[in-house]
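Undergrad: Have a look at this one.
The values are calculated or read from the model by the stated rules, or taken from the named source; none is laboratory data. Only a predicted model underlies this, so the values are computations on that prediction, with no experimental measurement involved. Here the Cβ positions follow ideal geometry from the backbone for every residue, glycine too, while neighbour counts run over all protein chains shown.
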Amino acid sequence: MDDIKQPGKWAGWKQRFLKLLPCTCKICHQAASTLLGNQCRLELHHCENACEQCGEALPGRLLLTHSLAINRCGRCISNPPSFQRTLFAYDYNGAVAELIQQFKFSEALILSQLLADMIVERIKEHDFPLPDALIPVPLHKTRLKQRGFNQSLELARHISKALDIPIYNSLLFRTRATPKQSGLSRKARERNIKGAFSIKSNHTGTALTGKHLAIVD
């Protein structure tokens, strides 16, 4: 299994140098100490009442008993997905949606650190065990050539460094190119990516047995 090595010492000096440069908020474009100003950060929202398995918002917290609450949606209860938990930093709207759009489609690679920090902050708020490894969702070679970088891998690099978790970057590959997911319904998204990923043959044995793996998307 190929792990991604941590950046060398030059990366730390680079970050210190960047902190000395003038900075403006990527949302309001006002002077700020980080790429997301304090006022714009206050506008970020996180749905606390969401399905812990798929991340969809729940209509309400229904109690089975006085001590046991339903933390999964009806879809995950009746037809559980193959993964156990979904963790997201903030709701996908407003400033968060704008930051992600800039990151993915405007070559704003500098935002990878900010977005990864948001995810790490959310992870540290929970007490569940950290995964054994991170798996960034791969891009098809044509999309990678167009964009110039894999945004999932860039996020995983920063998360890996912050939490000391290795990255398995050679585990998955795209079997075919797919249309963009944006603008599609949930069912259309599921159809769009069905069969689009595969595990490389040299990793289909016991190397993954019992591993707690997290997909970064």
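Undergrad: Which residue pairs have Cβ atoms closer than 8 Å, lie 6 or more positions apart in sequence or on different chains, and pair a first residue in the range 102-119 that is free of Cβ contacts under 8 Å to residues at least 12 places away in the same chain with a second residue that is of a type in the set (A, V, I, L, M, F, W, C)?
TA: Hits for this filter: zero, empty list.
Undergrad: Continuing with this model, one more query. Of the residues that sit in the range 68-96 and are of a type in the set (S, T, N, Q) and part of a loop (DSSP other than H, G, I, E, B), which one is surrounded by the most Cβ atoms within 10 Å (Cβ to Cβ)?
TA: Looking at the filtered set, the residue picked out is Thr86.
Undergrad: So Leu130 fits all but one of (1) of a type in the set (A, V, I, L, M, F, W, C); (2) within 15 Å of the chain's Cα centre (by Cα); (3) farther than 27 Å from Cys23 by Cα; (4) surrounded by 16 or more Cβ atoms within 10 Å (Cβ to Cβ); what number is the exception?
TA: Result: Leu130 fails condition (4) only.
Undergrad: Given (1) in a loop (DSSP other than H, G, I, E, B); (2) over 17 Å from the mean Cα position of the chain (by Cα), identify the lone condition not met by Pro138.
TA: (2)
Listed here are the residues, each with its yes/no results for (1) closer than 28 Å to His45 by Cα; (2) exposed (fewer than 14 other Cβ atoms within 10 Å of the Cβ).
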site	(1), (2)
Val120	yes, no
Lys145	no, yes
Lys161	yes, no
Thr178	no, no
Lys194	no, yes
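Undergrad: Kindly indicate whether Ile215 is at pLDDT 90 or above and assigned to a helix (DSSP H, G or I).
TA: Spelling it out, it is not the case that Ile215 is at pLDDT 90 or above and assigned to a helix (DSSP H, G or I).
Here is a yes/no grid of residues against (1) over 29 Å from Thr209 (Cα atoms); (2) among the small types (Gly, Ala, Ser); (3) at pLDDT below 85; (4) surrounded by 11 or more Cβ atoms within 10 Å (Cβ to Cβ):
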position: Trp10; (1), (2), (3), (4): yes, no, yes, no
position: Leu44; (1), (2), (3), (4): yes, no, no, yes
position: Gly55; (1), (2), (3), (4): no, yes, no, yes
position: Arg61; (1), (2), (3), (4): yes, no, yes, no
position: Glu98; (1), (2), (3), (4): yes, no, no, yes
